[in-house]
1. With each label point set 7 Å from Cα along the Cα-Cβ vector, what nm distance links N28 and N162?
2. Taking the Cα centre of region 7-200 as the origin and placing charges on Cβ (Lys, Arg +1; Asp, Glu -1), which of A17, F141, L79 is farthest toward the positive end of the dipole?
3. In nanometres, what is the gap between the two model label sites at D215 and E145, each 7 Å from Cα along Cα-to-Cβ?
4. What are the DSSP H helices in the chain that stretch 18 Å or more along their long axis, judged by alpha-carbon atoms, and whose average Kyte-Doolittle hydropathy comes to at least -0.5?
5. Please give the residues of region 284-307, grouped as numeric ranges, whose backbone N is less than 17 Å from a label point set 7 Å along the Cα-to-Cβ vector of E250.
6. On a C-alpha basis, how far is the centre of region 149-177 from the centre of region 27-62 in Å? Whole number, if you could?
7. Quick one: putting +1 on the C-beta of Lys and Arg, -1 on the C-beta of Asp and Glu, what dipole do you get for region 7-200 around its Cα centre, in Debye to the nearest 20?
8. Could you pull out every one of the lysines with an alpha carbon less than 17 Å from that of K60, ignoring same-chain neighbours closer than 8 positions?
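What follows is calculated from the coordinates using simple rules that are stated; it is not laboratory data. Remember, predicted model here, so these are calculated numbers, not experimental data. Here the Cβ positions follow ideal geometry from the backbone for every residue, glycine too, while neighbour counts run over all protein chains shown.
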Amino acid sequence: MEKSDFKIVFMGTPEFAVCILDKLVIENFSIVGVITAPDKPAGRGQQLQESAVKKYAVSKSLHILQPTNLKDEQFQYELKSLNADLFVVVAFRMLPESVWSMPPKGTINLHASLLPQYRGAAPINWAIINGEQETGVTTFFIEKEIDTGMVIERSSLVIGINETVGELHDRLMKLGAEVTHSTVLKISKGIDEPIDQLKLTNGELKNAPKIFKQDCKINFNQPASVVHNFIRGLSPYPAAWCTLVNHLNEKKTFKLFISDLTRLPVSSRTIISASKEGLLFPCQDKLLLITELQPEGKRRMHFKEFLAGNTIENWQIDTNKFDEE
């Protein structure tokens, strides 16, 4: 297959973006440049770490730019000199208008929701947290207001009742690669017919703001189904957490990763128990089954491993924290 004359600059940073870039490379589009985040110190040794997109770009001998300032004149000069027809953005920073307005065919973005629903930084998490049964991906042209541009393509999929954000992330990543490829192909052939998001609005719009650690604290004073959605919507990252207290009044943070609904009634609002299937946490209406967790200072583990070295009856939901909810 001959390489396309249609020239693309790709912008992205995490693993989610790599899958989309790889699809464009496999389909022989001419990737004239890859823009990604600067290398950052990480880990105990604070050694410089390359982004997932940079590692991939290096492996494919693609031209890489890593600007610290997207408004820098030298960077914009180098970017313009690449003479790209289209910029493709996936999981990257907000772009100044001087950048996204540069290519003649515009700049497109892949967003992991069915826009206009779930605009924002964490659409996959919030779709699960809110108990949605369906989500998807959207390609659109970038404009001044974030995630509001003209929609080119949308594609949906069903969310599993116990699916975690990590699992859904991987499925959306693959779907996103197919939809981005289809979108780029349409634009290169001049057959794209973008639609105003206002025409796609149906009901109240839900947002997807960035999630911080303090947002991940579990409120057990809610129905078990709500807590279940919250846990799987944050698993494996950034992870839902709660504070437990033992018989010595020692408090520890526990991250919870895998949960499941039960029909078991609640007899105590704080006491945690164990069964053959997992640990049972009391919610407002039913007990919630937890099968994978991470005690403070330890690694993630299966509940059986945790019980091998701990007595769960020693731990209860911290009533002080619980009452504050």
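1. Each label point is offset 7 Å from its Cα along the Cβ direction, giving 4.5 nm.
2. L79
3. 2.0 nm
4. On the way: long enough: 165-189 (35 Å, -0.04).
The qualifying helices are 165-189.
5. Only 294-299, 306-307 pass the distance filter.
6. If you average the Cα positions of each part, the centres end up 24 Å apart.
7. Details: 19 positive and 23 negative charges, 77 e Å.
The calculated dipole for region 7-200 is roughly 360 debye.
8. K3, K7, K23
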